[in-house]
Every structure is written in C-alpha cells, then in structure tokens.
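K.L.:
If you scroll down you'll find the structure; I have some questions about it.
The values are calculated or read from the model by the stated rules, or taken from the named source; none is laboratory data. Everything numeric here is computed off the predicted structure, so don't read it as measured data. Methodologically, a virtual Cβ is constructed for each residue, glycine included, from the backbone with ideal geometry; neighbour enumeration extends over all protein chains shown.
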C-alpha cells in the first residue's frame, strides 16, 4: 500500500509563511518606485503579529479540499485584506487611515502637477461621496509659485 504523507501543521505554517506572509510584509513594509509603504513604522510589529495570527487562523479553518482548490492570488488577496484591516484598526489619525485605505493616492506634502495651476504641495485631503454616489478623493493643494490654494478630486475605483 502506498501512503502519501501530509505535511505536519508546522511544515504547512513554514511553507505558507515563506510563500505568502514574509514576501507580503517585505513588499508592503518597503518603499518602491511606484508606491511607498502606507504603514507607519510604529505599528509594523503589531500589524505583522496580528496579521500572521489571523491569516493562519483563516487557513486552519479551511477544509483540506478547499485549501487544495485555492489559487495563489486568493491567498495573497486574503493576506492583504487582513493586513490592511488590522493596520487600519491601529492608527487613530484620519490621515494615516486615508493612507492605509488608499495607498496609491497622493499624501500630505506630496508635489502634484496641474495643467492650469502648475506644481503644488498637497496640504489637505479627504475621501467623500459625490451626489452620484461615487467615491471621490479630494485634495487641497498650495501652488508652489503663487502660494494660492486650489482643489482637485479623483474618482476612486474599487
């Protein structure tokens, strides 16, 4: 009789950690050309601990059949969902919450360019809902040349 041996839970944890968790933290906790890490240094250790714990709880709740059917991108998506949810809970500052919720959007102090108003520095930002129920990201920008402020907005696609 030929028996296949299943990896023990410690091996599974190690494989999942090496394949999804550590690369995920490495990516999101590091700045890259196209994105800066949205996570403040002060919460990274706690976020790492909580996210890992919840991710492993989620995996242990899956039946073997479900686990075998899952594609890599589904693991990545769940990991990132947990990561961002846990980080959001740890920050109290509204601007940090915006950064975590919308990591690709301009941040306070960023320079932006506008066809009419030229280059300016972001001095405030907020997420709102339009009359048409569209999510918007609104920026108030101070012109580098004139010191006058202007506003712009982006529709947030989800």
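K.L.:
Looking at segment 25-40 only, could you name the residues that are surrounded by 13 or more Cβ atoms within 10 Å (Cβ to Cβ) and part of a helix (DSSP H, G or I)?
P.N.:
25, 27, 28 - these are the residues of segment 25-40 that are surrounded by 13 or more Cβ atoms within 10 Å (Cβ to Cβ) and part of a helix (DSSP H, G or I).
K.L.:
Kindly establish whether residue 22 is part of a helix (DSSP H, G or I) and modelled with pLDDT of 90 or more.
P.N.:
Details: part of a helix (DSSP H, G or I): yes; modelled with pLDDT of 90 or more: yes.
When the stated conditions are applied, residue 22 passes them.
K.L.:
Here's a follow-up. Is at least one residue of segment 5-12 at pLDDT 85 or above, surrounded by 14 or more Cβ atoms within 10 Å (Cβ to Cβ) and more than 30 Å from residue 110 (Cα to Cα)?
P.N.:
no
K.L.:
Specify which of the listed residues (55, 29, 88) is within 24 Å of the chain's Cα centre (by Cα) and in contact (Cβ under 8 Å) with a residue 24 or more places away in the chain.
P.N.:
That would be 55, the only listed residue that is within 24 Å of the chain's Cα centre (by Cα) and in contact (Cβ under 8 Å) with a residue 24 or more places away in the chain.
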